[in-house]
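Trainee: If you scroll down you'll find the structure; I have some questions about it.
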Amino acid sequence: MKKKLRIGILFGGRSGEHEVSLLSAASILKAIDKKKYEVVPIGITKDGHWVTASDAHALLAGKQAPENPRLAGNPANTPTAAVLQRGEAVIIPPVPADSLQPLQLSATSEIATARRALHLDVIFPVLHGTFGEDGTIQGLFELADIAYVGSGVLGSAAGMDKAAMKKLFAAAGLPQTPWISLLRSEWRANPRACTRKIEAALKYPVFVKPANLGSSVGISKVHDRSELAAAMDEAASFDRKLVIEQGVGGQGAKPRELEVAVLGNDSPEASVVGEIIPGAEFYDYEAKYLSDASVPIIPAKLTASESKQIRQMAIEAFKACDCAGLARVDFLMEPAAKGKKNSKKPRIYLNEINTLPGFTSISMYPKLWEASGLPYKQLIDRLIQLAIERHQEKQETTFSRS
Ligand SMILES: Nc1ncnc2c1ncn2[C@@H]1O[C@H](COP(=O)(O)OP(=O)(O)O)[C@@H](O)[C@H]1O
Ligand SMILES: [Mg+2]
């Protein structure tokens, strides 16, 4: 019988999207084909402890992780990541070459045995936001030379930092609403000069955002100057870099929120286009997770040419950020002018790319693929396969001259 691939499902984490990650992971654990894969759930608690086995299940079930787990990443135990079973053993991703026994590991036969026993073929980081979606953990996987689902360090970091992402989109000629970026230190040193700069570049309403976050945390819609300072202070509490954008749709109207799922490595494909109708003035945290007033529509009502254009833009955005595996690409479209026939075509702007989008079976990303003919379970297979292909492809690279 063919050996089962051993898949580490990594979930939880230190970001504000910890709970969303638990939901995504629970969904994947339920759906993943247990005939093909041996699954190792690995949880990261909110304070950054790595737990596995029964403790990981407890974390998923909403129970607290153990009081005092031996900590992951303890340099006395392991040079890479350590995932600890309470008081027992260490699981780590394999180190690049087996002959290169890490210094501390070789000293501890118990740990070395656990490592052999718990080798992982692929890691699926079901982590959203900081420390999961931003390239940091991807760097760890690269160091460990392990195959993993999703984008690498650059794609993840670019997808997380809205200012960097926008520059890459601009370089690729993709349409975006006007925007500027300011540092928190600039804002704090001279709010009046910053206000002048914002008002010279953009028209109200504007959206003020921390550059690196997600789930709409720290984002405000600013209708006029009187609301600007509070919005800037709020965003500045979440990041050292701020992005200020002109609101699509103007004062009175909401933009249409369109989303496309992209899948693949070097030749990515786009799903059908979906639409979210947020049950709020904009798609804020509450509308995303706490109320059921937001309605997804799949496929979105668009003309064939609009839909084609959006799917093409999604693929270009994916490539512009050097993404891999999966990403959800989000758009803002001007609302159609009411009652006016022959008025000019509503403009479609790229909003952002999410490299590890929500992944419950009812999340937009899997739903879009399901509507495009790829069911959830097979989508998980495909992502694992893409992770392996990307890892194998990397073996073609020479890292030194000798
Ligand atoms: N320029 C904009 N014009 C209109 N609405 C916007 C704009 N930027 C953001 N929004 C609203 O705020 C939501 C969250 O913004 P987004 O940039 O997608 O941040 P996040 O990464 O937190 O999802 C969007 O889904 C949309 O409802
Ligand atoms: Mg968004």
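The values are calculated or read from the model by the stated rules, or taken from the named source; none is laboratory data. As the structure is a prediction and not an experimental result, all values here were calculated from the model. We place every Cβ from the backbone using ideal geometry, glycine too, and count neighbours over all the protein chains shown.
Trainee: Considering only region 268-275, I want to know if a residue exists there that is away from ligand 1 (no atom under 11 Å from the Cβ) and in contact with a Cys (Cβ under 9 Å, 6 or more places away or on another chain).
Mentor: Our first condition is that a residue be away from ligand 1 (no atom under 11 Å from the Cβ); within region 268-275, this holds for 268-275.
Imposing the further condition that a residue be in contact with a Cys (Cβ under 9 Å, 6 or more places away or on another chain) reduces the set to 268.
For region 268-275, residues away from ligand 1 (no atom under 11 Å from the Cβ) and in contact with a Cys (Cβ under 9 Å, 6 or more places away or on another chain): present.
Trainee: Report, by residue number, each residue of region 187-200 that is surrounded by 17 or more Cβ atoms within 10 Å (Cβ to Cβ) and either of a type outside the set (A, V, I, L, M) or within 16 Å of ligand 2 (Cβ to nearest atom) (or both).
Mentor: To start, the set of residues in region 187-200 that are surrounded by 17 or more Cβ atoms within 10 Å (Cβ to Cβ) comprises 187, 194, 198.
Residues satisfying the conditions are Trp187, Cys194.
Trainee: Let me ask another. Run Met165 past the list (1) touching a residue at least 60 places away in the same chain (Cβ under 8 Å); (2) away from ligand 2 (no atom under 16 Å from the Cβ) and report the number of the one that doesn't hold.
Mentor: Unmet for Met165, out of (1) touching a residue at least 60 places away in the same chain (Cβ under 8 Å); (2) away from ligand 2 (no atom under 16 Å from the Cβ): (2).
Trainee: Still on this structure, please answer the following. With the requirement that a residue be surrounded by fewer than 20 Cβ atoms within 10 Å (Cβ to Cβ) and in a helix (DSSP H, G or I), what does region 384-399 give you?
Mentor: Passing the criteria: Gln385, Ile388, Glu389, Arg390, His391, Gln392, Glu393, Lys394.
Trainee: Another one. Does region 201-217 include one or more residues that are surrounded by fewer than 15 Cβ atoms within 10 Å (Cβ to Cβ) and out of contact with any Ser or Thr (no Cβ under 9 Å at 6 or more places or on another chain)? So that I can check it myself, show each step before the final result.
Mentor: First, the residues of region 201-217 that are surrounded by fewer than 15 Cβ atoms within 10 Å (Cβ to Cβ): 201, 203.
Checking the rest, the ones that are also out of contact with any Ser or Thr (no Cβ under 9 Å at 6 or more places or on another chain) come to 201, 203.
Yes, region 201-217 contains at least one residue that is surrounded by fewer than 15 Cβ atoms within 10 Å (Cβ to Cβ) and out of contact with any Ser or Thr (no Cβ under 9 Å at 6 or more places or on another chain).
Trainee: Filter region 364-402 down to the residues that are among the aromatic types (Phe, Trp, Tyr) and assigned by TED's automatic domain parsing to the domain that holds Phe331, then identify the one that is farthest from Asp145 (Cα to Cα). Full working, then the answer.
Mentor: Step one: filter region 364-402 for residues among the aromatic types (Phe, Trp, Tyr), giving 365, 369, 376, 399.
From the residues that got through so far, the ones that are assigned by TED's automatic domain parsing to the domain that holds Phe331 too are 365, 369, 376.
Values: Tyr365: 27, Trp369: 29, Tyr376: 27 Å.
So the residue we want is Trp369.
Trainee: From the list Ala287, Ala317, Ala280, pick out the single residue that is of a type in the set (Gly, Ala, Ser), within 16 Å of ligand 2 (Cβ to nearest atom) and closer than 13 Å to Glu259 by Cα. Write out each step before concluding.
Mentor: Values: Ala287 fails: closer than 13 Å to Glu259 by Cα; Ala280 fails: closer than 13 Å to Glu259 by Cα.
Answer to the selection: Ala317.
Trainee: Mind listing whichever residues of region 263-277 are among the hydroxyl-bearing types (Ser, Thr, Tyr) and either within 15 Å of ligand 2 (Cβ to nearest atom) or touching a residue at least 12 places away in the same chain (Cβ under 8 Å) (or both)? Break it down stepwise before answering.
Mentor: Taking region 263-277 as the starting set, the residues that turn out to be among the hydroxyl-bearing types (Ser, Thr, Tyr) are 267, 271.
Once the filter is applied, which keeps residues that are among the hydroxyl-bearing types (Ser, Thr, Tyr) and either within 15 Å of ligand 2 (Cβ to nearest atom) or touching a residue at least 12 places away in the same chain (Cβ under 8 Å) (or both), region 263-277 yields only Ser271.
Trainee: Please state which one of Pro357, Pro299, Pro366 is more than 16 Å from ligand 2 (Cβ to nearest atom) and crowded, with 22+ Cβ neighbours inside 10 Å.
Mentor: Working: Pro357 fails: more than 16 Å from ligand 2 (Cβ to nearest atom); Pro299 fails: crowded, with 22+ Cβ neighbours inside 10 Å.
Testing whether each residue is more than 16 Å from ligand 2 (Cβ to nearest atom) and crowded, with 22+ Cβ neighbours inside 10 Å leaves just Pro366.
Trainee: Here's another thing I want to ask about it. Being in contact with a strand residue (DSSP E or B) (Cβ under 7 Å, 6 or more places away or on another chain) and away from ligand 1 (no atom under 16 Å from the Cβ) narrows it down to one of Leu242, Leu302, so name that one. First the steps, then the outcome.
Mentor: Working: Leu242 fails: away from ligand 1 (no atom under 16 Å from the Cβ).
Matching residue, one of Leu242, Leu302: Leu302.
Trainee: Out of Ile146, Ile137, Ile198, which single residue is touching a residue at least 24 places away in the same chain (Cβ under 8 Å) and within 16 Å of ligand 1 (Cβ to nearest atom)? Full working, then the answer.
Mentor: Working: Ile146 fails: within 16 Å of ligand 1 (Cβ to nearest atom); Ile137 fails: within 16 Å of ligand 1 (Cβ to nearest atom).
Step by step, each of Ile146, Ile137, Ile198 is checked, and only Ile198 is touching a residue at least 24 places away in the same chain (Cβ under 8 Å) and within 16 Å of ligand 1 (Cβ to nearest atom).
Rundown of residues vs (1) at pLDDT below 95; (2) over 23 Å from Phe207 (Cα atoms); (3) in contact with a Lys or Arg (Cβ under 7 Å, 6 or more places away or on another chain); (4) assigned to a loop (DSSP other than H, G, I, E, B), yes/no style:
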position: Ile276; (1), (2), (3), (4): yes, no, no, no
position: Glu281; (1), (2), (3), (4): yes, no, yes, yes
position: Leu302; (1), (2), (3), (4): no, yes, no, yes
position: Lys308; (1), (2), (3), (4): no, yes, no, no
position: Arg311; (1), (2), (3), (4): no, yes, no, no
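Trainee: Shifting gears a bit: Tell me, which residue of region 218-262 that is basic (Lys, Arg) and either at pLDDT below 95 or within 14 Å of ligand 2 (Cβ to nearest atom) (or both) is surrounded by the most Cβ atoms within 10 Å (Cβ to Cβ)?
Mentor: Of region 218-262, the ones basic (Lys, Arg) are 221, 225, 240-241, 254, 256.
Now restrict to residues that are either at pLDDT below 95 or within 14 Å of ligand 2 (Cβ to nearest atom) (or both): 221, 254, 256.
Working: Lys221: 15, Lys254: 17, Arg256: 22.
Result: Arg256.
Trainee: Among the residues of region 334-359 satisfying the criterion of being more than 15 Å from ligand 1 (Cβ to nearest atom) and among the hydrophobic types (A, V, I, L, M, F, W, C), which is modelled with the lowest pLDDT? Please lay out each step first, then the result.
Mentor: Of all residues in region 334-359, those more than 15 Å from ligand 1 (Cβ to nearest atom) come to 336-345, 359.
When the remaining residues are screened for being among the hydrophobic types (A, V, I, L, M, F, W, C), the result is 336-337, 359.
Numbers: Ala336: 81, Ala337: 75, Phe359: 90.
That would be Ala337.
Trainee: Also, I was wondering about something else. Among (1) more than 16 Å from ligand 1 (Cβ to nearest atom); (2) modelled with pLDDT under 85; (3) under 16 Å from Gly218 (Cα atoms), which single condition is Asp292 missing?
Mentor: Of everything listed in (1) more than 16 Å from ligand 1 (Cβ to nearest atom); (2) modelled with pLDDT under 85; (3) under 16 Å from Gly218 (Cα atoms), Asp292 misses just condition (3).
Trainee: Of these, Phe331, Phe318, which one is aromatic (Phe, Trp, Tyr), in contact with a strand residue (DSSP E or B) (Cβ under 7 Å, 6 or more places away or on another chain), at pLDDT 95 or above and more than 30 Å from Leu5 (Cβ to Cβ)?
Mentor: Numbers: Phe318 fails: more than 30 Å from Leu5 (Cβ to Cβ).
Unique residue meeting the criteria: Phe331.
Trainee: Among the candidates Ala229, Ala253, Ala236, which residue alone is aliphatic (A, V, I, L, M), in contact (Cβ under 8 Å) with a residue 24 or more places away in the chain and in contact with a helix residue (DSSP H, G or I) (Cβ under 6 Å, 6 or more places away or on another chain)? Step through it out loud before you land on a result.
Mentor: Numbers: Ala229 fails: in contact with a helix residue (DSSP H, G or I) (Cβ under 6 Å, 6 or more places away or on another chain); Ala253 fails: in contact with a helix residue (DSSP H, G or I) (Cβ under 6 Å, 6 or more places away or on another chain).
After ruling out the rest, the residue left standing is Ala236.
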